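To start, the structure itself, in structure tokens.
The values are calculated or read from the model by the stated rules, or taken from the named source; none is laboratory data. Because the structure is predicted, anything quoted here is derived from the model rather than measured. Glycine also receives a Cβ, built like all others from the backbone with ideal geometry; neighbour counts cover every protein chain displayed.
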Amino acid sequence: MLVEERLVARIGDRALDLAVRRTVRELQALRDTVLSGDDPGLANAWDEICVQVQSEKSWYWHVYVETARAILHRRLIALPALELWAAWLRTDPGLDWVLDNPEAESPVPVVIDDVIDLAFRLLCEQASNWSNRRIRDYVSD
């Protein structure tokens, strides 16, 4: 991998990581959105997402997906153009574009939905490994 490719990858990965971490914090702040039933012992929307990723999706999973994707969208479109381009180039369609256009110059076309899809997958990966007492108690019941 060329130095330029590694640099773009690092910028894109950093931008995606930051967007995901900030989205997690925002989901943790959503405390009035627990949909798992009466007093499930979960404190916030992030707990709910973690439980559903780690065990079974509820009827309300689509609400959490839409909420998380909306937050990611807002965070990603606020990125500086260079960071958003680098993040898109980390997606499969972005990589395909580079392979099809090796001599292309700026501007790189960005498809925001591709970046949101990748960021949401990264968010779910984090949720699959996230744990706290509330999540452990809920999943073990």
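Against the conditions (1) assigned to a helix (DSSP H, G or I); (2) modelled with pLDDT under 90, where does TRP46 fall short? Just the number, please.
Unmet condition: (2).
Which members of the stretch 79-124 meet the condition of being of a type in the set (Val, Ile, Thr), closer than 26 Å to TYR64 by Cα and in a helix (DSSP H, G or I)?
Within the stretch 79-124, the first condition is being of a type in the set (Val, Ile, Thr), and the residues that meet it are 91, 98, 108, 110-112, 115-116.
Remaining after also requiring closer than 26 Å to TYR64 by Cα: 91, 110-112, 115-116.
Hits for the stretch 79-124 are ILE112, VAL115, ILE116.
Which residues, counting only those in the stretch 99-129, are over 13 Å from the mean Cα position of the chain (by Cα) and either surrounded by fewer than 17 Cβ atoms within 10 Å (Cβ to Cβ) or among the basic types (Lys, Arg) (or both)?
Of all residues in the stretch 99-129, those over 13 Å from the mean Cα position of the chain (by Cα) come to 99-111, 129.
Residues satisfying the conditions are LEU99, ASP100, ASN101, PRO102, GLU103, ALA104, GLU105, SER106, PRO107, PRO109, VAL111, ASN129.
Run VAL115 past the list (1) over 15 Å from ASP13 (Cβ atoms); (2) among the β-branched types (Val, Ile, Thr); (3) modelled with pLDDT of 90 or more and report the number of the one that doesn't hold.
VAL115 satisfies all of (1) over 15 Å from ASP13 (Cβ atoms); (2) among the β-branched types (Val, Ile, Thr); (3) modelled with pLDDT of 90 or more except (1).
For the condition of a type in the set (Asp, Glu) and at pLDDT below 95, what is the one hit in GLU56, GLU26, GLU66?
Numbers: GLU26 fails: at pLDDT below 95; GLU66 fails: at pLDDT below 95.
It is GLU56.
Within the stretch 60-79, identify whether any single residue is of a type in the set (A, V, I, L, M, F, W, C), without any contact (Cβ under 8 Å) to a residue 12 or more places away in the chain, farther than 14 Å from GLY12 by Cβ and surrounded by 13 or more Cβ atoms within 10 Å (Cβ to Cβ), and answer yes or no. If you could, list the steps in order and put the result at the bottom.
Kept after step one, since they are of a type in the set (A, V, I, L, M, F, W, C), are these residues of the stretch 60-79: 61, 63, 65, 68, 70-72, 76-79.
Keeping just the survivors that are without any contact (Cβ under 8 Å) to a residue 12 or more places away in the chain gives 61, 70, 78.
Those still in the list that are farther than 14 Å from GLY12 by Cβ too: 61, 70, 78.
Checking the rest, the ones that are also surrounded by 13 or more Cβ atoms within 10 Å (Cβ to Cβ) come to 61.
Taking every residue of the stretch 60-79 in turn, at least one turns out to be of a type in the set (A, V, I, L, M, F, W, C), without any contact (Cβ under 8 Å) to a residue 12 or more places away in the chain, farther than 14 Å from GLY12 by Cβ and surrounded by 13 or more Cβ atoms within 10 Å (Cβ to Cβ).
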